[in-house]
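Read the structure below first, then the notes.
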Amino acid sequence: MPGDYSIGLGRVVAPRGVLPQAAERLDADPRIGDDEVRVRLEWLNLDAASYRQLAGEHGGDGARIRAEVLRIVAARGKMHNPVTGSGGMLVGVVDEVGPRSPLGLGPGDRVASLVSLTLTPLVISDGLRRWDGRSERIPAEGHAILFGRSIAAVLPDDLPAETALAVLDVCGAPALTARVVRPGQAVTVIGASGKSGSLTLAAARRAGAGPLVGVVPDARQAALLGESGLADVVVEADARDPVGLAAAVPGPADVTVVCADVPGCEHGAILCTRQGGTVVFFSMATSFSAAALGAEGLAADVTMLIGNGYVPGHADHALDLYRAEAGVRRLYEARA
């Protein structure tokens, strides 16, 4: 087994031998192993792509959405949307810590998980009775299990928990952007007014990139992004229309970052990127086969990166950007 700590194989019920994220079902027994942590739930936060899919499938009916989330968790022992393949994250209070846990947590710590609910053993005990099914944020009672190789952050004291969670939910995007971009590079961010998009613009600016182009889907989002001052150029365009998007942006980018939570943005992102450039996909709505085959079909010499949500120091980096950048805070407040 790689590393010194558990990667959760003992929690996999079926099929045996796969890692927890790929499992069809996990064992969420509250008894913990030596390097595990049990967390008492306060709320779950579904990722945007998953919630959008659930709301669309059930016509926005909150009761049906709630029933579907309960069904998924009961069937799989985790929140793993079978359509989008995504889950979300959680906030809770540490109940018990195994003697060999490397996570640095203690009983009573209020934490956010920085690993996906798709690999987190989970039990919901209250039937989600306090959730109306009409938002990504789900008040919940129950418990979750973190492994030795999991990641969690103690919530900061200076920010409301809801705000900290919203930032931590997407903290991998600005961290990887800061690693990838170079001073003077042109950067285009698709889905630029959202949580991950606004932090990505701020990270690119701090890294010395520019000009920064922010792509948004409608006039309201364009106005909000323009007022934030995070982008040098604001483009209102449908990112699912590759030719229209490529015509709307001022020129090919050195780096294009996809933060939109809708499917079908792959080919537009590739067309917006210069030969030899880089496309970073930070959306769980991305079809990676469509991206790979689309780039091939367009004879596009681009490096394509999957944002996996983890870069060392990503939580502190994202929280620092939120605290330091008024434009980011303005966009987050507009979404509240």
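A short reminder: the numbers here are calculations on the coordinates, not readings from a lab. Keep in mind the model is a prediction, meaning the values are calculated, not measured. Cβ atoms come from the backbone with ideal geometry, glycine included; neighbour counts cover every protein chain shown.
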To the nearest 10 degrees, the tilt of helix 219-228 (Cα long axis) against the first principal axis of the alpha carbons of the chain is 90 degrees
Expected sort for 254-260, 295-301, 131-137 on mean C-beta neighbours within 10 Å, highest first, is 254-260, 131-137, 295-301
Most fluctuating of Gly127, Gly264, Gly148 in the GNM of the chain (C-alpha, under 10 Å) is Gly127
The helix 48-57 Cα axis meets the longest alpha-carbon principal axis of the chain at an angle in degrees, between 0 and 90 and rounded to 10, of 80 degrees
Packing-ranked peptide list from 187-194, 268-275, highest mean Cβ count within 10 angstrom first, is 187-194, 268-275
Residues other than Ala23 with Cβ under 11 Å of its Cβ, Lys/Arg counted +1 and Asp/Glu -1, net out at +3
Measuring from the longest principal axis of the C-alpha atoms of the chain, the long axis of helix 288-297 (C-alpha) lies at a number of degrees, nearest 10, equal to 20 degrees
For the range 172-335, the Kirkwood Rh over every pair of distinct alpha carbons, in Å, works out to 15.2 Å
With DSSP loop assignment and no more than 14 other C-beta atoms within 10 Å, the trypsin sites (Lys or Arg not before Pro) in the range 21-88 are Arg31
Options (i) 21.6; (ii) 20.4; (iii) 19.7 are given for Kirkwood radius over Cα pairs in Å, and the computed one is (ii)
D (µm²/s, integer) via Stokes-Einstein for the range 9-155, Kirkwood Rh across alpha-carbon pairs, 10 °C, 1.306 mPa s: value 105 µm²/s
